[in-house]
1. What is the Cα centroid distance between the range 1-15 and the range 23-46, reported in whole angstrom?
2. Compute the signed sum of charges (Lys and Arg +1, Asp and Glu -1) over the other residues within less than 11 Å, Cβ to Cβ, of LEU15.
3. Quick check: residue separation of ASP40 and ALA20 times 0.36 nm, minus the Cα distance between them. What number comes out in nm?
Amino acid sequence: MSCPRCQGLMRVERLRRRRACLWLWACFACGERIDDVILDARRWQSAESTAARNARIWQAVRQRIAALPLEPCALNLVSCPLSLQRGAA
């Protein structure tokens, strides 16, 4: 496993507390420690931020589509006056 912070090598580490023993991953290089609770929280935050970002993007797309003109473009050469067409002076 590689460290999410520095991409260094991770090792399994056991922490002993009074009545509990906790297994986690620790990085040799930077000291980052990751256990199951940290991994679950990061997965949840990542999924939540992705969903929020997608919702924001689609809201902007809907607003831009709603702002589009429904009539032909005013600069369309077929419907422009002769003074705006190419070659007319």
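1. Taking the Cα centre of each part, the range 1-15 and the range 23-46 sit 8 Å apart.
2. Neighbour charge sum, excluding LEU15 itself: +2.
3. Going from the current span to full extension adds 5.2 nm.
Rule-based calculations on the coordinates, nothing more; no lab input. Bear in mind that the values here come from a model prediction, so they are computed numbers and not experimental data. Cβ: placed from backbone, ideal geometry, glycine included. Neighbour counts: every protein chain shown.
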